[in-house]
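Notes follow the structure.
Every number in this text was worked out from the coordinates using simple rules, so none of it is lab data. Just so we're clear, the structure is a prediction, and the values are computed from it rather than from any experiment. Note: ideal-geometry Cβ built from the backbone for every residue, glycine included; neighbour counts use all protein chains shown.
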Number of protein chains: 2
Amino acid sequence: MIRPFVPDDWPAIYPFFSRVVAAGDSYAYPDGLSSNEAEAVWVARPPGATVVAVDTPSPGVPSAAGAGVIGTATMGPVRPGRGAHIATASFMVSPEQRGRGAGRALGEHVVDWARRSGYRGIQFNAVVETNTAAVALWRSLGFEILATVPGAFDHREHGPVGLHVMFLDLAR
Amino acid sequence: MIRPFVPDDWPAIYPFFSRVVAAGDSYAYPDGLSSNEAEAVWVARPPGATVVAVDTPSPGVPSAAGAGVIGTATMGPVRPGRGAHIATASFMVSPEQRGRGAGRALGEHVVDWARRSGYRGIQFNAVVETNTAAVALWRSLGFEILATVPGAFDHREHGPVGLHVMFLDLAR
C-alpha cells in the first residue's frame, strides 16, 4: 500500500536511507547525514509530495505511523519557474524488502501522481548505470535513457560509472 | 577581467539577473526573486565559487566593488557525495554588454577552475536549445550535447523547447 508520508514515519525510514546511501551504489547524497539533515533532504514540500510503501499485514486495516514502512518515494518539479512542468522523483526501498514489488508500486504511484498533477514529463537526473534493477524497472514503466553522463558517479565498488538521464514523456 | 565575487558586487548584478530571468529565454529560476533571494540562489559557497567579469577602463587598475561588473558565473560540484567530482556552472551577462567576450572569458575561467580543482568533467544540466549563442560558445570550448530533454523549458516566446544536457570531459 502507498500512502502519504507523515512525520512519524521518518524514524522507520532513516535507518534504511542511511544504509542505502552508505552502500555507495545508487545515490549521491553526502555520507553521514544526521537524521534531521536527511529528513530535510528527502521530504518534499508542496507542490512536491512524499509517500511511503507500507507492508500491511491485513489489507485495508490502517497501521500506526512508521509501522511496516518498507520504502519511500519523493517527487516534485525537476526545476522551478519555466522548468516546473517536468517532474522528478527519488526512490528508496529497504534492502531486506527488495523483490516484493515496493519499488514498482512506488514508481507506478509517481507516474500516476505526475499525470494527475498535469506534469508533461518525468525526468530522472542520475540513475546509476550499474543499478540494473532500477534501470529495468523504469524502462518497464516507459522511461527511456536519453543520455549517460560518463563516469559521473563514484561507485563504492566499481569506481566511476555513468549516470543515466531518463525521461518519460507524458505530453503525448 | 575575471575576479572573485565580493558581496558589494551584488547590487550591480541583481538588475541584469532579474532582467535575464524575466526575459524567459534562458533560465528556469522562479520569476520575481527578491534581491536577497536571488543572491542566495546565485552565490556559491565553498567548494563552489562565484566570479564577476569586469570592464576595466584601465587594464591593471583595480576598480571599486561593483564598478564595471558586466557578467558573472557561479560554479561548484553538480551534486554532493559520490557525484561531487563533476562540476557545473551558470553564467549571466548583462544584455547590453553581450558580444564583448564576457561570456567566453567566464566560460574559459570556469573550465580552468574545474581543471585546476581536479574535477573530472563539467556538466550543464539545462542549456535552452534556442539559446544558440550559448550552445555555440560551449561547443567551442569543447562541450558536447549528450541529450536534449524534449519540451523541458517553457520559453516565453516559443513555448516548450528542449533543454540540452552538455558535458566536457576533463578526465581524458
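Going through (1) among the hydroxyl-bearing types (Ser, Thr, Tyr); (2) in a loop (DSSP other than H, G, I, E, B); (3) touching a strand residue (DSSP E or B) at 6+ places or on another chain (Cβ under 9 Å) one by one, B:Thr74 falls short only on (2). Only one entry in B:Ala133, B:Ala89, B:Ala65, B:Ala105 is touching an Asp or Glu at 6+ places or on another chain (Cβ under 8 Å), more than 14 Å from every other protein chain (Cβ to nearest Cβ), small (Gly, Ala, Ser) and under 26 Å from B:Ala38 (Cα atoms), namely B:Ala65. Counting the residues of region B:74-86 that are more than 8 Å from every other protein chain (Cβ to nearest Cβ), more than 21 Å from B:Tyr14 (Cα to Cα) and of a type in the set (A, V, I, L, M, F, W, C) gives 0.
Restricting to region B:77-87, give me the number of residues that are part of a strand (DSSP E or B) and surrounded by fewer than 21 Cβ atoms within 10 Å (Cβ to Cβ). Break it down into steps so the answer makes sense when it comes.
Taking region B:77-87 first, the residues part of a strand (DSSP E or B) are B:77, B:86-87.
Narrowing the set further to residues that are surrounded by fewer than 21 Cβ atoms within 10 Å (Cβ to Cβ) leaves B:77.
Residues in region B:77-87 being part of a strand (DSSP E or B) and surrounded by fewer than 21 Cβ atoms within 10 Å (Cβ to Cβ): 1 in total.
In region A:82-96, the residues that are at negative phi form Cβ pairs under 6 Å with partners that are of a type in the set (Val, Ile, Thr) and assigned to a strand (DSSP E or B), at six or more places apart or across chains, as follows: A:Ala87/A:Ile122; A:Ser90/A:Thr74; A:Met92/A:Thr72; A:Ser94/A:Ile70.
The criterion of at least 3 residues that are crowded, with 21+ Cβ neighbours inside 10 Å, under 14 Å from the mean Cα position of the chain (by Cα) and free of Cβ contacts under 8 Å to residues at least 60 places away in the same chain is met, among strands (runs of 3 or more DSSP E) falling completely within region B:102-172, by B:121-128. Look at B:Ala44 and say whether it is within 30 Å of A:Asp25 (Cα to Cα), under 16 Å from the mean Cα position of the chain (by Cα), in contact (Cβ under 8 Å) with a residue 12 or more places away in the chain and assigned to a loop (DSSP other than H, G, I, E, B). It is true that B:Ala44 is within 30 Å of A:Asp25 (Cα to Cα), under 16 Å from the mean Cα position of the chain (by Cα), in contact (Cβ under 8 Å) with a residue 12 or more places away in the chain and assigned to a loop (DSSP other than H, G, I, E, B).
Scanning region A:1-41 for residues that are more than 14 Å from chain B (Cβ to nearest Cβ), loosely packed, with under 13 Cβ neighbours inside 10 Å and in a loop (DSSP other than H, G, I, E, B) turns up A:Val6, A:Ser34.
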